[in-house]
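For reference, the structure is listed below as structure tokens.
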Amino acid sequence: MKIRKVLVSQPKPTSEKSPYFDIAEKYGVEIVFRPFIKVESLSAKEFRQQKVSILDHTAVIFTSRHAIDHFFHLCSELRVTVPEDMKYFCVTEAVALYIQKYVQYRKRKVFFGATGKIDDLLPSMIKHKADKYFVPMSDVHTDEIKNLLDKSNLQHTEAVMYRTVSNDFSSEENFDYDMLVFFSPAGITSLLKNFPNFQQGDIAIASFGPTTAKAVRDAGLRLDLEAPTVQAPSMTAALDWYIKEHNEE
């Protein structure tokens with residue numbers, strides 16, 4: 001079956017140079033960007049139930065831009081003024097630079113890793129062993145950071161500040177896609193929540209990452225394209241190959 005319309009379950013790229021747009025033009029296909037999930041803040045009331053005081057801490061660990069947005073949003077909701085000398089430890093430089101949206105960026109109080117892994121931040125955190133670390137988290141998380149900080153004898157508190165929820169489809173939205181592209185298990189959960197009687201039929205399903213691929217199979221769906229691979233290290237590279245193969249038949 002030829003691929004004419006693809007749903008990519010991510011926000012639309014901000015850059016016009018995205019490979020997705022090249023694929024759409026190259027093969028004459030329509031690519032629709034429509035996340036199946038969205039991230040929302042906990043309410044101030046929900047956060048207070050965790051009995052955590054942000055101001056008891058002298059440093060914050062940020063693992064994503066979502067964490068930054070919802071940390072400062074909740075601080076505003078709680079009427080908490082973040083001290084100017086608060087330190088920020090970020091998994092990447094891109095996440096660190098994003099802090100400028102909320103506070104003045106000062107190198108002496110913003111630290112970041114090179115690999116995107118929390119382990120990469122440990123040397124910097126150990127240098128500031130006297131600090132008490134606060135970790136804003138999603139409702140879906142692992143104990144990786146907690147275990148790492150425990151092992152290094154660093155004082156820390158984790159608290160849920162945001163959650164992932166289904167981004168529901170309205171009855172007016174056409175669901176007439178030849179291919180669906182997923183990037184997280186939560187996207188598969190949302191698909192089945194929105195369409196409990198979903199019949200895959202000829203609809204191709206693509207996934208990125210092993211946990212998403214497992215979620216597709218666990219849901220009893222057929223996985224037609226899996227990335228990354230050696231030949232296709234990105235979702236766009238995999239998509240380009242798949243559409244070329246099927247649309248040339």
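What the table shows:
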quantity: Matching entry among ALA114, ALA94 (being out of contact with any Asp or Glu (no Cβ under 8 Å at 6 or more places or on another chain), small (Gly, Ala, Ser) and farther than 19 Å from MET161 by Cα); calculated: ALA94
quantity: Which numbered condition GLU40 misses (of (1) of a type in the set (Asp, Glu); (2) part of a strand (DSSP E or B); (3) more than 22 Å from ASP168 (Cβ to Cβ)); calculated: (3)
quantity: Filtered residues of region 95-111 (kept if outside any loop (DSSP other than H, G, I, E, B) and more than 14 Å from LEU121 (Cβ to Cβ)); calculated: LEU97, TYR98, ILE99, GLN100, LYS101
quantity: Unique residue being in the same structural domain as PRO11 (by TED's automatic domain parsing), assigned to a helix (DSSP H, G or I) and touching a Leu at 6+ places or on another chain (Cβ under 8 Å) when the list is VAL216, VAL181; calculated: VAL216
quantity: PHE198 vs. criteria aromatic (Phe, Trp, Tyr) and in contact (Cβ under 8 Å) with a residue 24 or more places away in the chain; calculated: no
quantity: Test result for ALA186, in the same structural domain as PRO11 (by TED's automatic domain parsing) and either in contact with a helix residue (DSSP H, G or I) (Cβ under 7 Å, 6 or more places away or on another chain) or farther than 24 Å from VAL29 by Cα (or both); calculated: yes
quantity: Residue count, region 110-136 (criterion: at pLDDT 95 or above, within 30 Å of THR189 (Cα to Cα) and aliphatic (A, V, I, L, M)); calculated: 1
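Residue-wise test of (1) at pLDDT 95 or above; (2) buried (at least 17 other Cβ atoms within 10 Å of the Cβ); (3) outside the structural domain of PHE208 (by TED's automatic domain parsing).
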position	(1), (2), (3)
THR14	no, no, no
SER18	no, no, no
PHE21	yes, no, no
VAL32	yes, no, no
GLN50	yes, no, yes
ILE54	yes, yes, yes
PHE62	yes, yes, yes
ILE68	yes, yes, yes
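Yes/no per residue for (1) surrounded by 12 or more Cβ atoms within 10 Å (Cβ to Cβ); (2) β-branched (Val, Ile, Thr); (3) assigned by TED's automatic domain parsing to the domain that holds VAL91:
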site	(1), (2), (3)
GLY116	yes, no, yes
LEU121	yes, no, yes
MET125	yes, no, yes
PHE134	yes, no, yes
ILE145	yes, yes, yes
ASN153	no, no, yes
HIS156	yes, no, yes
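The values are calculated or read from the model by the stated rules, or taken from the named source; none is laboratory data. Keep in mind it's a predicted model, so treat the numbers as computed, not measured. When we count neighbours, we look across all protein chains shown, and the Cβ atoms used for this are built from the backbone with ideal geometry, even at glycine.
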